[in-house]
Structures are given as C-alpha cells and as structure tokens.
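The values are calculated or read from the model by the stated rules, or taken from the named source; none is laboratory data. Bear in mind the structure is a predicted one, so any value in this text is a computation, not a measurement. Glycine also receives a Cβ, built like all others from the backbone with ideal geometry; neighbour counts cover every protein chain displayed. Note: accessible area is taken over every heavy atom of the protein model, side chains too, but ligands, DNA and RNA are not part of it. Shrake-Rupley method; radii C 1.70, N 1.55, O 1.52, S 1.80 Å.
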Amino acid sequence: MHHIITEIDWAQIFSVIWSALLLPLTAYAGAQIRAWAKTKQLEQYTDILYQNAAGAVKDVYETIVKDMKGTTVWTKEKQNEVRELAKAKTVCALTNTAYRCLKAANEDFDEYLDGMIGTVLYDLKQNTMNQTDTMPWKRSGN
C-alpha cells in the first residue's frame, strides 16, 4: 500500500482536480460577481437617469410650459415637442458611460426614456416627489 502511495503522481492528481472542479467553479463565481456588479451599476445609472429626468422636466416646465399651459398654443403637437426637449435634456445630462450602459440594457431606449419622463410627470402631478423620495420604485411597499 505504501508503495502505491509513493508512486502516485500528486501533481497530476492536483492538476486534474483543478481543471475538473476548481477551475469551472472559479469561472462560475467570477461570472456571477461580474453580473452582480453590472446589475448594481445599471441600478445606479437608472437612479441617475430618473434624477436627470426630474430635473429636465422641472426645468422645461419652469422655462416653457408654465407660460403656455392653458393657452391655445398648448396643443398636442407642442406637448410632444416639449416632451422631446425634456428627453434630450435628460440624455445630455448623462455621462457617455451611463448612456451606453442604459442603452445596451434597454433595446428601445427611446421608449424607456419616454416611460421615465411619464413617471416623473406622474410623480410631480401627484405631489409624491420630495427631497428624500426621488426614486419612486425604491419606496417600501413596491
């Protein structure tokens, strides 16, 4: 028995264990960590996008909409034009990295941004947005 143990090539056994078990597990763990980090980064960029959208909507309201609302100039066409301006301001406030990450995560980024603007408008109309509650999807109960 002692003779068999001394003749075993332990380096070969460790190499097989490494390549068969540990290497795949290490690669899997690394992939999971990268996916988690990417999700956290995407969540951070979504928060930034919402804050930028809120700022853009408020700015457009104060500079353009406030004076037009309730007049004959405030048509559906003008509302769409103002909405596009808010979307453009929101995107301009993003970093290139944030923009690329959000665009890659959302196939139709324009629709996603339009939905984000709609969410901000709804929040402003419902007076649910204040300094401590700038991300409605993070409210408890949702």
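Listing for the model above:
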read-out: Value of D in µm² per second that Stokes-Einstein yields for the range 34-103, Kirkwood Rh from Cα pairs, at 25 °C (0.890 mPa s); value: 183
read-out: Per-residue SASA entry for Glu111, accessible area with 1.4 Å probe, Å² rounded to 10; value: 110
read-out: Segments 48-54, 116-122, 78-84, 24-30 sorted - mean Cβ within 10 Å per residue, highest first; value: 48-54, 116-122, 78-84, 24-30
read-out: All-pairs alpha carbon distance profile, the range 1-125, 5 Å steps from 0, percent; value: 2, 9, 14, 14, 10, 8, 6, 5, 5, 4, 4, 4, 4, 3, 3, 2, 1, 1, 1, 0
read-out: Trypsin sites (Lys or Arg not before Pro) within the range 1-70: DSSP coil, no more than 14 neighbouring Cβ in 10 Å; value: Lys69
read-out: Kyte-Doolittle mean at least -1.0, axial Cα span of 27 Å or more - DSSP H helices of the chain; value: 23-60
read-out: Extent along principal axes [Cα atoms of the range 68-130; Å; largest to smallest]; value: 40, 27, 19
